[in-house]
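Q: Here it is: the structure, laid out below.
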Amino acid sequence: MTGAVAATARLTRLKLPDGSQVIGSAEPLGEHPPTLAHSLRYWAAATPTAVLAAERAGDGWRELTYGDALAEATALGQALLDLGLGPGAPVMVLSGNSLNHLALTLACYLTGVPIVPTSVAYSLRATDHARLRAISGLVKPGLVYAEDGTQFGAALAAVGAHAVVGRGPGRNLAELRDTTPTAAVDEATAALTPDTVAKILFTSGSTGMPKGVLNTHGMLSANQQMLRQIWPFLAAGPPTLTDWLPWNHTFGANHNLHLALTNGGSIYIDDGSPKPGEFDRTVDSLRSVPPTVCVNVPAGYAQLAQRFTADPALAAHVLSRIDMILYAGADLPDELRQRLREIARRATGRDVPVVSSWGATETGPAATSTYGGADRGIGVPLPGTEIKLAPVAGRLEIRVRGASVTPGYLGADLADALDEDGFYRSGDAVRLVDEGGDPRRGMVFDGRIAEDFKLDTGTWVVSGRLRNRLLSAAGILSDAVLVGDNHSCVTAIAWPHAERLREIVGEAADPETDPAVLSHLAAVLADLNKGLGASARIERLVVTNTPPDIDAGEITDKGQLNRRAVLECRTNLVTLLYETPSNRTRVIHAP
């Protein structure tokens, strides 16, 4: 790496009469390709033999160069046009990241056919495919793809559209790849504009049913230009990412995949994840291809830090080419951030930036990043972006206006999601690191406003903060939902973390009733509640072994709990928490 990793942030700040303030980048957005198709064609001509992407093949990798990627995408693009696909007949993908998935995506980028990657969970973890059917009914795909026709057979049948598979029963993608291109593909590419829809991404559904977010070529290309301006090191050499993050989410699909595509870089598809039983594969992928930009979510970095600490040689090898460690998707505890910095310093002999970013599916995704003096939290606005901090229920909602904001949803415009000044209302709350001084020190994520609720006294409960305190203090819980809307006190429904349960309280026969579990959690609540008022206390808690139901919407495809759905589906537990006299067999009471 040569030169600076991050640019200096120059910001503007305007305080409004209603208590809001608008913070923006003083840097204008630079020139950039109008569509992603332009980026593909540019790099295929400039570096045809460079690796665009690779997937695991036994102990090695099967690589796809830029030149071959363009050739495959052109042939597939012709096949899509021959099948009559277009803006009103998209390609829907049911399976995860793969070179076939990428080739179809690039074919769509060339021809103006929207690509619609969906969560694998909707196909394989669901039983009645309710969400998949709902998405399909909204999208009306002209073609549906799955990597394995046998594994995804039931899901393909549920969608009911023209199906193509990578292997197994059904029409094989290889047939489409053998199509001879005509001038029609070039004509379709020439007709693309920044307003052309490149893909439709569905939100996770953490606060309701998923919505189809229109992702235009212009917003996605603009977002990558924003990143190039804050990260000058990208101009020094193409980035390499070894990445598991799924392409049905904006972090993996738009931020990471496009970071490689628009900068002539390479993305190596890691077939592991931070999930139990899959992390060894991630470590093996990182060992095989050390990245220049390491990307992950906080849960992944927590496990990676443990491996690096136990094996310094592994850390030195994986971080041997590193320019930057990047996380998003959730907040990173200060202790873990400092630990990663120290691990990287020992492994490389230099300071490696540990960088965060914040955004949404609706914002392309990145709207803020920690650069130019902001070294914690979610950072400051990117060039071409304005952030409004608007007072809502005693907190500051972060809202976004700029070139990377979506024009709307599938079947609906964006009007209801915009405020009076045209800012996208994210529903996320933030705090300024330096509330009275320099905005360049950045912002800190402060939870989801939509998850907050009022007690019967009219007092607001900041759900995200209190939930995180409970999980951190308990140590044996994997997740929790706070309860208390219009009640006199806050309670919680919680799920046990099997491994930590054994570590802390031993082999519990049943976490719902085991005395050791109840005693431990009662002590946790007592300590957690010391000296606090009703809105910051958790008076009662019930542990349940029944996992969240994805078909009922209790859990999103990201694995996040949908609080509203949990409360609707588990009214029996809510009753248990507030019944009189209180049940002391299953309910843990704060002393």
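The values are calculated or read from the model by the stated rules, or taken from the named source; none is laboratory data. On a predicted model such as this, the values are computed, not experimentally measured, just so you know. When we count neighbours, we look across all protein chains shown, and the Cβ atoms used for this are built from the backbone with ideal geometry, even at glycine.
Q: Return yes or no: is Ala474 at pLDDT below 90, among the aliphatic types (A, V, I, L, M) and over 30 Å from Pro547 (Cβ atoms)?
A: no
Q: Filter region 333-387 down to the residues that are hydroxyl-bearing (Ser, Thr, Tyr) and more than 18 Å from the chain's Cα centre (by Cα), then identify the one that is surrounded by the most Cβ atoms within 10 Å (Cβ to Cβ).
A: Thr385
Q: Could you tell me which of the residues Ala188, Ala174 is closer than 20 Å to Leu83 by Cα, among the hydrophobic types (A, V, I, L, M, F, W, C), surrounded by fewer than 23 Cβ atoms within 10 Å (Cβ to Cβ) and without any contact (Cβ under 8 Å) to a residue 12 or more places away in the chain?
A: Residue meeting the stated conditions: Ala174.
Q: Continuing with this model, one more query. Limited to region 70-105, what total is found for residues that are over 20 Å from Ala163 (Cβ atoms) and touching a helix residue (DSSP H, G or I) at 6+ places or on another chain (Cβ under 6 Å)?
A: 3
Q: Residues that are under 21 Å from Ala57 (Cβ atoms): find the helices (runs of 4 or more DSSP H) completely inside region 240-319 holding 1 or more of those.
A: 257-261, 279-288, 312-318
Q: Go through region 403-449 and report how many residues are of a type outside the set (Gly, Ala, Ser) and part of a strand (DSSP E or B).
A: Number of matching residues: 14.
Q: Okay, moving on. Here is a check on your reading of the model: is Gly19 within 20 Å of Leu102 (Cα to Cα) and either surrounded by fewer than 18 Cβ atoms within 10 Å (Cβ to Cβ) or touching a strand residue (DSSP E or B) at 6+ places or on another chain (Cβ under 6 Å) (or both)?
A: So Gly19 does not fit the description; no.
Q: So Asp446 passes all but one of these: (1) touching a strand residue (DSSP E or B) at 6+ places or on another chain (Cβ under 7 Å); (2) assigned by TED's automatic domain parsing to the domain that holds Asn545; (3) in contact (Cβ under 8 Å) with a residue 12 or more places away in the chain. Which condition number does it fail?
A: Looking at each condition in turn, Asp446 falls short on (2).
Q: Another question, if that's okay. Sort out which residues of region 477-497 are hydroxyl-bearing (Ser, Thr, Tyr) and either touching a Cys at 6+ places or on another chain (Cβ under 7 Å) or crowded, with 18+ Cβ neighbours inside 10 Å (or both), and write them in order of number.
A: Result: Thr491, single match.
Q: Can you name the strands (runs of 3 or more DSSP E) wholly within region 12-84 that have at least 1 residues being in contact with a Gly (Cβ under 9 Å, 6 or more places away or on another chain)?
A: Per the criteria, 21-25, 51-57.
Q: Which of the numbered conditions does Leu220 fail, given that it passes all the others? Conditions: (1) farther than 27 Å from Ala134 by Cβ; (2) assigned to a helix (DSSP H, G or I); (3) modelled with pLDDT of 95 or more.
A: (1)
Q: Here is a further query. With the structure loaded, tell me whether Ala523 is surrounded by 15 or more Cβ atoms within 10 Å (Cβ to Cβ) and in contact with a helix residue (DSSP H, G or I) (Cβ under 6 Å, 6 or more places away or on another chain) or whether it fails that test.
A: No, not satisfied.
Q: If I go through region 339-390 residue by residue, how many of them are in a helix (DSSP H, G or I), closer than 19 Å to Ile325 by Cβ and of a type in the set (Val, Ile, Thr)?
A: 2
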